[in-house]
Each structure stands twice: as C-alpha cells, then as structure tokens.
Amino acid sequence: MLPDVTLPVPASLMTLLAVFSPLFTAPSFRVFCVLACGFFAQPGKRTVCGMLAGAGLSRLWPHDRAHRFFSRARWSADDLGLAAALLVVSLLVPEGELVEVAVDDTLFRRRGKKVWAASWFHDGSAAGPAKTGYGNNWVILAVIVRLPVMSRPAAVPVMAKLVIKGSNFRSRLSLARRMAERLAAALPGRAVRVVADSAYAGGQLKALPAAVTWTTRLRKDAALHALPPARTRRPGRPRVKGDRLPSLAKLAATTAFSQVTVTRYGKTATIQASAVTCLWYSVFGSRPVAVVLVRDKSASGCDLTLVTTDLEASPAQVIARYAARWSIEVAIEDAKQLFGCGQARNRVAAAVERTIPFHLACQAIAILWYATAGHDPADIEDRRTSAPWYASKAEPSTADMGAKLRRVIIAARFKAPRPDQPTRAEISILRLAWEGIAA
C-alpha cells in the first residue's frame with residue numbers, strides 16, 4: 001500500500017482551508033487540501049488527474065483516490081458553497097453593510113451521452129451566430145465585494161447549482177432563489193441584495209423572504225399595476241392590485257425625470273432617472289416594487305428599465321447595483337479561462353454535481369488569500385517589469401492573484417525540510433554531540 005503522503009501547505013493558505021474541515025471526514029479533508037493546492041499550482045489542465053499532478057503526488061497517490069473524492073466521498077457541494085460564501089462575507093464585507101450578490105448561469109460544454117444532466121442549452125458566450133451548445137448548465141451565485149486593491153467591484157463566485165431540463169424544481173430561477181434564501185438564512189440580521197438579468201424574473205419570486213430583495217431588468221411586455229386601493233366596507237374580497245398602468249413607452253413619456261449622479265463601470269456620470277412604485281403582480285405578487293426608468297443617451301423615452309423590491313434604495317443606488325452585476329460575467333470568464341473550471345471530465349451524477357462547486361470554491365479561496373495575505377504593493381511594479389507592455393497597469397487582476405498563489409505553493413513545496421536530510425536544529429544537536437565526543 002502506498003504511504004499517505006501529503007504536501008506542505010503555506011500557513012496563510014492553510015488558515016483558509018481549515019475553515020472547511022468540518023464539512024469533510026479526516027481522510028476526505030486531506031484529499032480536499034491536496035486537490036485544492038494542486039488546483040492552484042497546476043498551470044495546465046485542471047482535470048482531476050491534473051490537480052493531482054499539480055500537487056506533485058501523481059506518483060505517490062493512486063488517481064482513483066482523487067476521483068473517489070468527487071464520486072463517492074461524504075461531503076455536500078451545497079455546504080461547501082455556503083461555507084465559502086460565509087467566509088467571503090466575514091472577511092471582505094464590512095460588518096453591518098448589505099450583502100450584494102449577483103446571479104447568472106453559464107454553460108460548460110461537454111461531450112458524450114453518459115454525462116449526467118448534459119443537454120442542449122443557450123450559450124451566450126459562444127462564438128459565431130449559433131448560440132447553443134451541449135453540456136452542463138450551471139446557475140452561479142457570486143458575492144460582490146469592493147477590494148481595497150481594486151477600483152471596480154469584484155464578484156467572488158461561491159455557490160453553484162446544476163440545471164436539469166424538464167424539472168421546474170431544478171430550473172434556473174428556482175435554483176437561484178433557493179441559493180439566495182439559504183444564504184440569507186445563514187446570515188440572520190443581514191439583508192441580501194440579489195441582482196440578475198431579465199431571465200431571472202418569474203412567478204417563483206412571489207414567495208421571496210423579506211430579508212432578500214431582487215433587482216433585475218424589466219421586460220418590455222411586463223404587466224404593471226398600481227398599488228391596491230384602500231379597503232372599503234363593501235362586502236366581497238378586497239382588491240389585491242390596482243388599475244393597469246400604461247406601457248413603458250407611455251409611462252416614460254408622462255413621468256417626470258430628475259438628474260442623478262451614478263458611478264458605474266468605473267466612471268461617474270450624470271444621467272436622468274425616475275422611479276415609480278407599483279406592482280408586478282405576475283412576478284412578485286402583492287409585494288410592491290420600484291420601477292426605475294433610466295434615460296442615458298436618448299432625448300425622450302428611456303434607455304433602460306429596472307425593477308427592484310428594495311424600496312429603500314434610491315434610483316442611483318439601483319442603477320449602480322445593476323451595473324455591478326457585470327462583475328459576475330468577468331468572474332465566470334476568469335473561472336473558465338484562468339482557473340480551468342469545467343475542464344474535469346466527470347460523468348456520474350455525484351461527480352458532475354460536485355466538481356464545478358469545488359472549482360468555484362477554490363477560485364474564491366484564491367481571491368480571499370490574495371486579499372487577506374498575498375497582496376504586496378510591489379506586485380504591480382514586478383508585473384510591469386516582467387511585462388513592460390502593460391504600462392498603464394495599476395491594479396492586480398485575477399490572473400495576478402492566481403499566479404502569485406501558485407508561486408507561493410511551489411516555493412513552500414521546495415523549501416520544506418526533506419525527510420532524508422537533517423534540519424538545522426538537528427545539525428546543531430549533532431554538532432554539540434560530536435564536540436562532546438571529541439573532547
């Protein structure tokens with residue numbers, strides 16, 4: 001039997017990995033640490049065997065031990081994502097501030113008829129006119145944070161759920177709502193602000209808890225109604241909604257706009273906006289919503305229409321919150337192109353439903369490590385020295401964070417004391433013993 005060999009882990013990284021130890025058994029936690037370090041240190045493919053090779057244990061551990069971790073080990077992908085989300089909130093979101101999260105879905109392309117839950121889905125990031133692809137579609141929830149080393153908001157992906165076609169329980173909107181509800185339940189006393197695109201609006205949001213607000217883009221065919229009138233003494237059921245409001249075009253023509261200053265996409269600009277409180281009964285039921293009409297470039301009408309259940313937010317805050325949603329698009333692109341998420345070729349149900357959450361948790365750990373222990377002001381200057389064509393680079397990117405963590409892990413591996421050679425303390429003891437014998 002091969003020995004249970006592990007690898008040295010930097011103390012700054014082990015502090016973060018230790019948070020997840022209650023989710024695993026002791027043997028599974030060792031495999032988790034090994035595969036996580038292999039994920040960070042691997043510059044090539046992040047397949048299951050690739051992570052094992054990145055850890056430097058491909059000749060010491062059997063590869064089925066790594067595969068068994070995803071297919072049969074006792075741990076929950078949902079618990080892993082929730083633990084990562086709570087860790088991000090505790091370290092990167094100041095106490096008392098709102099927890100902003102973004103929700104989106106993406107397709108990880110796969111091949112083969114035996115891949116669990118693989119089907120044909122819309123793929124907006126696909127090159128060319130054909131925006132469909134075959135693979136696994138995942139709904140991803142990311143916590144939007146403001147890092148002191150970056151001027152733009154950054155999305156840290158933490159939770160993910162697999163979409164299964166033909167199941168309303170595993171539809172995109174249902175999965176997104178359940179992830180937001182679970183995060184809010186794990187953060188009692190803190191409000192969770194969800195932002196998503198227009199695809200995440202439907203009747204399943206009628207039962208949204210009060211601690212969760214939802215901000216999305218309003219569809220042009222949305223049936224808006226005024227707030228229900230006051231109850232009268234007449235017999236019969238009271239009205240649950242008021243009169244039907246006019247179309248968005250007529251609403252924009254009759255609503256008074258005011259100038260607001262908003263910061264979005266790294267720029268501050270003054271635009272025109274207006275807010276109307278009403279009901280979107282088919283989506284949010286009797287919960288009042290604020291419809292924000294944005295007039296940016298056009299002289300009349302509106303360029304963008306947003307809807308939110310957060311009635312306390314100003315129009316400028318709603319616009320900035322929706323603009324920050326773009327950070328999850330960047331995070332998903334980084335997950336695929338930089339961190340190699342989706343490169344594992346698992347096929348059985350348990351392995352398919354665990355691999356992507358594991359990869360996203362590792363991506364979150366890498367960002368957390370850099371924000372809490374890895375950042376150095378000299379990083380930018382070093383990057384400019386090695387790549388002088390980046391003359392205007394002023395902030396670290398996700399690629400810089402992952403590259404520095406990779407260097408730290410590799411350095412810890414080679415700087416660790418070798419078992420076949422004595423340490424400095426042992427050399428001192430041997431020297432003193434030899435001097436005593438010589439005397």
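The values are calculated or read from the model by the stated rules, or taken from the named source; none is laboratory data. Please read all numbers here as calculations on a predicted model, not as lab measurements. In this analysis, Cβ positions are derived from the backbone assuming ideal geometry, glycine residues included, and neighbour counts consider all displayed protein chains. These area figures cover heavy atoms from the full protein model, side chains too; ligands, DNA and RNA do not enter into them. Shrake-Rupley method; radii C 1.70, N 1.55, O 1.52, S 1.80 Å.
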Revision key, fill the gap. Computed over the Cα atoms of segment 64-140, the Rg and Dmax in Å are 17.1, 48
Point to revise | the chain: relative contact order as a whole-number percent, Cα under 8 Å and 6+ apart | key: 18
Check your understanding: Rounded to the nearest 5, what is the percent of antiparallel bridges among the DSSP beta bridges in the chain?
Key -> 85
Check your understanding: Could you state the number of Å between the C-alpha centres of segment 320-386 and segment 258-280?
Key -> 30
Point to revise | Tilt relative to the chain, helix 424-438 - C-alpha long axis, 0 to 90 degrees, to 10 | key: 20
Point to revise | Helix-only mean residue ellipticity at 222 nm for the chain, each DSSP H run of n ≥ 4 adding -39500 (n - 2.57), per residue, nearest 500 | key: -11500 deg cm²/dmol
Exercise for review: Please name which of PRO22, SER392, THR232 has its Cα lying farthest along the dipole of the chain towards the positive end, using unit charges on Cβ (Lys, Arg +1; Asp, Glu -1) and the Cα centre as origin.
Suggested key: THR232
Check your understanding: Which order do TRP326, TRP75 take by accessible area at a 1.4 Å probe, largest first?
Key -> TRP326, TRP75
Exercise for review: Enter the mean projected area of the convex hull around the alpha-carbon atoms of the chain, in nm², rounded to one decimal.
Suggested key: 29.9
Study note, to complete from the structure: Amide H contacts under 5 Å for ARG264, restricted to residues at least 5 apart in sequence or on another chain and with H modeled in the peptide plane, are ALA269
Review point. Given charges of +1 on the Cβ of Lys and Arg and -1 on the Cβ of Asp and Glu, with all other atoms neutral, how large is the dipole of the chain about its Cα centre, in debye to the nearest 20?
Key: 1720
Revision key, fill the gap. Under the Karplus relation with 6.51, -1.76 and 1.60 and θ = phi - 60°, whole-Hz ³J(HN,Hα) for segment 265-270, x at Gly and Pro, equal 6, x, 10, 10, 9, 9
Check your understanding: Structure shown: which of LYS45/LYS393; LYS161/LYS393; LYS45/LYS206; LYS161/LYS206; LYS131/LYS250 lie over 32 Å apart, alpha-carbon to alpha-carbon?
Key -> LYS161/LYS393; LYS45/LYS206; LYS131/LYS250
Check your understanding: Using a Gaussian network model of the chain with C-alpha springs under 10 Å, which one of ARG110, ARG383, ARG46 is most mobile by mean-square fluctuation?
Key -> ARG383
Exercise for review: Keeping the other protein chains in place, figure out the carbon and sulfur percent of the accessible area of segment 152-283, with a 1.4 Å probe.
Suggested key: 51
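Order TYR322, TYR390, most accessible first, counting only protein heavy atoms with a 1.4 angstrom probe.
TYR390, TYR322
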Study note, to complete from the structure: Taking protein heavy atoms only, a 1.4 Å probe, and rounding to whole percent, the accessible area of segment 308-402 owed to carbon and sulfur comes out at 52
Practice item. Please find, in a Gaussian network model of the chain (springs between Cα atoms separated by less than 10 Å), the residue of LYS114, LYS267, LYS206 whose mean-square fluctuation is greatest. Key: LYS267
Review point. Averaged per residue, what accessible area in Å² does the chain show with a 1.4 Å probe, protein chains only?
Key: 50
Exercise for review: May I ask for log10 I(q)/I(0) of segment 269-426 at q = 0.10, 0.16, 0.17 Å⁻¹, from a Debye sum over the Cα atoms as equal point scatterers with solvent left out?
Suggested key: -0.69, -1.06, -1.08
**Study point:** Note, ³J(HN,Hα) from phi for segment 351-364, Karplus 6.51, -1.76, 1.60, rounded to Hz, x at Gly and Pro
**Key:** 5, 5, 7, 10, 5, 4, x, 5, 4, 5, 5, 5, 4, 5
Study note, to complete from the structure: For the chain, the longest principal axis of the Cα atoms and the Cα long axis of helix 398-415 enclose an angle in degrees, to the nearest 10, of 20
**Study point:** Euclidean distance of C-alpha centroids, segment 108-134 and segment 223-241, integer Å
**Key:** 46
Check your understanding: Using a probe of 1.4 angstrom, how much of the accessible area of segment 1-78 is carbon and sulfur, in percent?
Key -> 60
Study note, to complete from the structure: Taking 290-302, 253-265, 396-408 and ranking on average Cβ neighbours within 10 Å, highest first, one gets 396-408, 290-302, 253-265
Check your understanding: Can you give the accessible area of ILE332 in Å² (nearest 10), computed on protein heavy atoms with a 1.4 Å probe?
Key -> 20
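Sorted by accessible area with a 1.4 angstrom probe, largest first, how do GLU100, GLU381 fall? Don't jump to the answer; show the numbers that get you there.
Working: GLU100 40, GLU381 105 Å².
I get GLU381, GLU100, largest accessible area first.
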Review point. ³J(HN,Hα) across segment 38-46 via Karplus (A = 6.51, B = -1.76, C = 1.60, θ = phi - 60°), whole Hz, x for Gly/Pro?
Key: x, 5, 6, 7, 7, x, x, 5, 9
Practice item. Normalise the Cα radius of gyration of segment 221-296 by 2.2 N^0.38 Å (N = residues in it) and let me know the number. Key: 1.40
Exercise for review: Kindly state, as a whole number, the per residue volume in cubic angstrom of the convex hull around the alpha carbon atoms of segment 75-224.
Suggested key: 165
